[in-house]
Amino acid sequence: MKPKIGVIVCGFIENKQFVTNAYIQSVRYSGGIPLILPLIRSGPVLNEYVSLCDGFLFCGGNDITPLLFGQEPKKGNGQTNISLDLFQIRLMKEVLKTKKPVFSICRGMQVFNVACGGTIFQDISLQPGKHLDHMQQSDARSEVSHKIHVKPGTQLKKYVGSLLYVNSYHHQTLDRIGKNLAVSAAASDQTVEAVEMPSHPFAIGVQWHPECMYRNSPEMRELFGGFILASTHSGKASAD
């Protein structure tokens, strides 16, 4: 049986909750069944989400409310929605307790870090040192922007290798890394490009957008495939 993948809502457009189609299609083509999980202010429903799904995909979106990682707003901080932030952070914490696979992309990686007690540079201009432009202006989101180096011995390296060219659509970056997390990839300017939880079967966060590169990149297909395979094993374990 194909694993059920909870695709957590990206955000709001006016009064509509949405998930970008590329996330849904990447799950589908990798062999999972995508189930969109909307923001619901209900503990019991959230628990049902956790029980229902075999794996969880946290997607990109807007910025996280700074108060939720112990800061007040600084210059460069963007649009936020504290209800969405609280929902996603709470769901992330509950999912991590279960050891079910978690794949977190862009904002999702930042939610992953904050849920584990980490912090964020509210704008890359606040990050020490010189840095690349991490908000590319290419015609297509599938185009690559810069290279990253993946650390040896990490979960991520098994799927994408040691050197990878990625796209880039973010203005915030990770600062203090959350508890039980480890940096698994970085750009040449030392911007954190991926984190993972070594003690977890599959809990990986990436700062780029692999769903946009899925059709053109064997590495991105391998990464999504690894997530779906881990979720398949999770589903079988739950059934047993």
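The values are calculated or read from the model by the stated rules, or taken from the named source; none is laboratory data. The structure displayed is predicted, hence computed values, not measured ones. Every residue, glycine among them, receives a Cβ derived from its backbone with ideal geometry; neighbour counts consider all protein chains shown.
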### Message
Out of the strands (runs of 3 or more DSSP E) lying entirely within region 1-99, which hold 3 or more residues that are not charged (D, E, K, R)?
### Response
4-8, 11-13, 33-37, 55-58
### Summary
Of the candidates TYR23, TYR29, the one satisfying the condition of being within 25 Å of HIS200 (Cα to Cα) and under 17 Å from the mean Cα position of the chain (by Cα) is TYR23
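Does PRO44 meet the test of being modelled with pLDDT of 95 or more and not polar (S, T, N, Q)? Lay out the reasoning, then the answer.
On the way: modelled with pLDDT of 95 or more: no; not polar (S, T, N, Q): yes.
For PRO44, the condition - modelled with pLDDT of 95 or more and not polar (S, T, N, Q) - is not met.
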### Task
Please find, among ILE5, ILE64, the residue that is closer than 24 Å to CYS212 by Cβ, crowded, with 22+ Cβ neighbours inside 10 Å and out of contact with any Pro (no Cβ under 9 Å at 6 or more places or on another chain).
ILE64
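Would you mind finding the one in ARG221, ARG215 that is in a helix (DSSP H, G or I) and either in contact (Cβ under 8 Å) with a residue 60 or more places away in the chain or under 14 Å from LYS157 (Cα atoms) (or both)?
Details: ARG215 fails: in a helix (DSSP H, G or I).
Criteria check complete, one pass: ARG221.
Would you check if SER125 is out of contact with any Leu (no Cβ under 7 Å at 6 or more places or on another chain) and either modelled with pLDDT under 95 or not in a loop (DSSP other than H, G, I, E, B) (or both)?
On the way: out of contact with any Leu (no Cβ under 7 Å at 6 or more places or on another chain): yes; either modelled with pLDDT under 95 or not in a loop (DSSP other than H, G, I, E, B) (or both): yes.
Yes: the conditions hold for SER125.
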### Message
If a residue must be within 20 Å of GLN110 (Cα to Cα) and exposed (fewer than 15 other Cβ atoms within 10 Å of the Cβ), how many such residues does region 37-59 contain?
### Response
1
### Query
Among the residues of region 85-93, is there at least one that is more than 18 Å from LEU181 (Cβ to Cβ), among the acidic types (Asp, Glu), surrounded by fewer than 14 Cβ atoms within 10 Å (Cβ to Cβ) and out of contact with any strand residue (DSSP E or B) (no Cβ under 8 Å at 6 or more places or on another chain)?
no
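Matching residues to (1) within 21 Å of VAL27 (Cβ to Cβ); (2) hydroxyl-bearing (Ser, Thr, Tyr); (3) out of contact with any Phe, Trp or Tyr (no Cβ under 7 Å at 6 or more places or on another chain):
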site	(1), (2), (3)
LYS75	no, no, yes
THR80	no, yes, yes
HIS131	no, no, yes
ASN167	yes, no, no
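Evaluate the following for PRO101: is it in contact (Cβ under 8 Å) with a residue 60 or more places away in the chain, closer than 21 Å to SER234 by Cα and of a type outside the set (Lys, Arg)?
On the way: in contact (Cβ under 8 Å) with a residue 60 or more places away in the chain: yes; closer than 21 Å to SER234 by Cα: yes; of a type outside the set (Lys, Arg): yes.
In short, yes.
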